[in-house]
Amino acid sequence: MGSDSDPLSTGGLNRYSGRVRRYLLLVTIIALAAPLSAKDSLGVFDDWGAFSDPSLPRCYAIAIPDKGSGGYQAYADVGTWPRQGVRGQIHFRLSRPLSSGSHPSLSLGGTRYPLGGGGADAWAQDKRADAAIVSAMRSADSMSVTATDRAGRRFTDHYSLNGAATAMDAATVGCARVR
C-alpha cells in the first residue's frame, strides 16, 4: 500500500499538481467515503471534499494528508449528524495504528490540542474541543496529527487546510434540511 509506484500511496499525490491532484483527491475521497452505500458529492474545494450520505443521514468534509507516515490510508473528516444533533465533529483516520498508551495530538494554528484515540482513529476530546478545532481550521493553512504507533515510533500526518472552510460549510448546508 505504501509503494512508490502507487500514485495514491502516502505522499504520492504530491508529485501531481493542480487539476490532476484535485481529480485524484476526489477519486480517493469517494473510494474512502463510499464503501457500503452511495454518497452524494457536495463538491471538491481545493484539498477538501464535501459529501452527504442520505441513508444515515450525515454530511461531512474530508481530506487526505499531504504527508502521511504509514501503511493505512489516512484522512481527516468533520461530520454533521443532524438526527443526533451533532455538528462539526472532528475525526482522524491515522496512517498507523496507535500504541495502547499513545496520546495523539493535533497541532493547528500555533495551538496543540490533545486528542482521544484508539486503533487507528483519533478524535477531539469533547464538543468544546470540536468547536475550537473547527474554528481554528477556518483560519489556519495546515494542521498535523502526531502520535505513537504500536512499534513505539512517533509519526505525524500533515494536512493542507486549503478549501476546508468551504467544504465544512457545504457539509453543514448539505444536511441543513434534515431533521
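Among the strands (runs of 3 or more DSSP E) confined wholly to the stretch 42-152, which include 2 or more residues that are over 21 Å from residue 178 (Cβ atoms) and not aliphatic (A, V, I, L, M)?
Because the criterion is at least 2 residues that are over 21 Å from residue 178 (Cβ atoms) and not aliphatic (A, V, I, L, M), the strands (runs of 3 or more DSSP E) in the stretch 42-152 that meet it are 86-93, 105-108, 111-118, 121-124, 142-148.
I'd like to verify a number: residues in the stretch 67-85 that are over 20 Å from residue 98 (Cα atoms), touching a residue at least 24 places away in the same chain (Cβ under 8 Å) and either within 11 Å of the chain's Cα centre (by Cα) or surrounded by fewer than 22 Cβ atoms within 10 Å (Cβ to Cβ) (or both), how many?
Count: 5.
With respect to residue 56, is the statement that it is at pLDDT below 90 and in contact with a Leu (Cβ under 8 Å, 6 or more places away or on another chain) true?
Numbers: at pLDDT below 90: yes; in contact with a Leu (Cβ under 8 Å, 6 or more places away or on another chain): no.
When the stated conditions are applied, residue 56 does not pass them.
For the stretch 130-153: of the residues being touching a residue at least 40 places away in the same chain (Cβ under 8 Å) and polar (S, T, N, Q), which is surrounded by the most Cβ atoms within 10 Å (Cβ to Cβ)?
146
What number of residues within the stretch 154-179 satisfy the criterion of being of a type in the set (D, E, K, R) and either in contact (Cβ under 8 Å) with a residue 40 or more places away in the chain or in a helix (DSSP H, G or I) (or both)?
3
The values are calculated or read from the model by the stated rules, or taken from the named source; none is laboratory data. Computed from a prediction, not measured in an experiment: that's the story for all the values here. We place every Cβ from the backbone using ideal geometry, glycine too, and count neighbours over all the protein chains shown.
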